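The values are calculated or read from the model by the stated rules, or taken from the named source; none is laboratory data. As the structure is a prediction and not an experimental result, all values here were calculated from the model. Positions of Cβ are generated from backbone atoms using ideal geometry, with glycine treated the same way; all protein chains shown enter the neighbour counts.
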Amino acid sequence: MLYSLSMTNSIAAEGLHKAPWPKRLEFFVETMRWMSSETDPQRMVRNYGARMGEFFSRDGLISLSRRDLTSPFYRVTRSHTWTHEVNPWKQKIQLPTLDRGIMGEWIYGEQAIVVNDLKLVDGDPGEEFLKGMRSVMVVPQFDNGHALNMVVILKKQANGFDPEQLPEQVWIANLFGRATHNLVLKDQLQQAYDLLDRELKVVGDIQRSMLPKNLPELKSLDLAVDYRTSARAGGDYYDFFELPDGRIGIMIADVAGHGTPAAVLMAVTHSIAHTLSGEPEPASQLLQFVNRHLCARYTTNGAFVTAFYGVYDPRTHALTYSRAGHCPPRLRSGRDGQIIALDQAVSLPLGIDADERFEDYEHQLEAGDILVFYTDGIIEARDSTNELFGVERLDRAIARGGDNVESILRSTMLQVEDFTNGAAPVDDETLLVAKVM
């Protein structure tokens, strides 16, 4: 509970330093308790000043700052002469900026001093703040080794301050100054975080807008997809390209890393893929085109993109594909349920070597075959012991997932969630399931 009014009056009457230690202890404990729960630096300074003013007799108080200024300039951030309160952190433009004068000497001198017979020179810049005062206690507040702030305590009568009180005042003022500065930094950090979070949300929205809004509706191929990012934005990418004669191009890619940098490179990859003149086929030609442009402009810092691109022909059920370092899709046979990897036509990831050659490989599919395309966030998901989900668990999930794409997609992602105990993904996760009809 807070200190009582009677306690306040009792201590004020005899002076804090003369009060019995239990009363002093109670006052300081409650003050520290209150300060620890305060979130607004301006309110904390105001209320703390009022509390301290009850126990350390004074007729006026001025706060000075030379933060972000160079000699001989300084700001008055608080003054007993003001009729209205100014928030020095949010209303800096309203603070008077002075140069030189006795207060300039104090703050740039960085010394704790007591002046018990103050005499001002005519025209001193601080005259309006110090007028009528005879005793001064100058208390520097240090930050990074320099007195960037200062508290000036004032009394009207001469010889109003006992130098014996100066060490304690320096100690208390600096501890309070650090607490206030930490609150300001916390507030600034929160504002920066909120701004960054809003910007990342925009980046994520833009990135997702580049993904297909709807899955292609094909009589010969049933499709389902699940896309999850580890942050607001991610580097996984999947796409479809409509080709002549009812053929369709299916692309899945994964930018190294995750978060905003990966999302930016993902957007670049998407844009390049859609600027190829003519049809994006054969599969190797599209990967060659994207690779050349990524190497020329966008991956000089060591970034790269793994990708799988395949062209499916519904008339023949043939899938012609090329693979740039990407996880080989899993194929569950509609005939006997056997699961194999489409691991041919492999080359380096995109963005590493502009001269890399990409090859095509044709695989004959049959009705009932199920293809599962995925990014490494699926198989590299980890449990509490740091064990990987792995390809074997993925294959078991595919084998037991049923006969339609939605059930395979849903059961596989649920098994990944169960394996990681529902933890948020540490890498982007994309799963695309296709069934030959």
Over the stretch 380-398, the set of residues in contact with a Lys or Arg (Cβ under 7 Å, 6 or more places away or on another chain) and hydrophobic (A, V, I, L, M, F, W, C) is Leu388, Leu394, Ile398
Filter the stretch 131-145 for residues that are surrounded by 18 or more Cβ atoms within 10 Å (Cβ to Cβ) and not hydroxyl-bearing (Ser, Thr, Tyr); the one that is farthest from Ala158 (Cα to Cα) is Gln141
Test for Asp122: is it within 18 Å of Ala147 (Cβ to Cβ), modelled with pLDDT under 95 and exposed (fewer than 15 other Cβ atoms within 10 Å of the Cβ): no
> Is it the case that the stretch 377-391 has a residue that's free of Cβ contacts under 8 Å to residues at least 40 places away in the same chain, surrounded by 15 or more Cβ atoms within 10 Å (Cβ to Cβ) and more than 36 Å from the chain's Cα centre (by Cα)?
Replying inline: no
| query | Right, Arg198: loosely packed, with under 12 Cβ neighbours inside 10 Å and on the phi < 0 side of the Ramachandran plot or not? | reply | yes
So, Glu417, is that one within 37 Å of the chain's Cα centre (by Cα) and farther than 17 Å from Ala224 by Cα or not?
yes
Residues in the stretch 383-402: is at least one at pLDDT below 95, under 28 Å from Pro314 (Cβ atoms) and touching a Ser or Thr at 6+ places or on another chain (Cβ under 6 Å)? yes
From the option list Arg228, Arg198, Arg232, single residue qualifying as under 25 Å from the mean Cα position of the chain (by Cα) and not assigned by TED's automatic domain parsing to the domain that holds Met413 is Arg198
Those residues of the stretch 206-257 that are assigned to a loop (DSSP other than H, G, I, E, B) and among the polar types (S, T, N, Q) come to a total of 4
Worksheet entry | Flag if Val184 is under 27 Å from Ser57 (Cβ atoms) and touching a Phe, Trp or Tyr at 6+ places or on another chain (Cβ under 9 Å) | no
Selection from the stretch 405-428 of residues at pLDDT 95 or above and either assigned to a strand (DSSP E or B) or over 17 Å from Arg393 (Cα atoms) (or both) yields Val405, Glu406
Among Gly104, Gly126, the single one that is within 25 Å of Arg46 (Cα to Cα) and over 43 Å from the mean Cα position of the chain (by Cα) is Gly126
The number of residues in the stretch 334-358 that are more than 41 Å from the chain's Cα centre (by Cα) and among the charged types (D, E, K, R) is 2
Of those in the stretch 91-111 that are among the β-branched types (Val, Ile, Thr) and touching a Lys or Arg at 6+ places or on another chain (Cβ under 6 Å), the residue surrounded by the most Cβ atoms within 10 Å (Cβ to Cβ) is Ile107
ask   = Hey, does the stretch 278-285 have a residue that's closer than 23 Å to Tyr361 by Cα and charged (D, E, K, R)?
value = yes
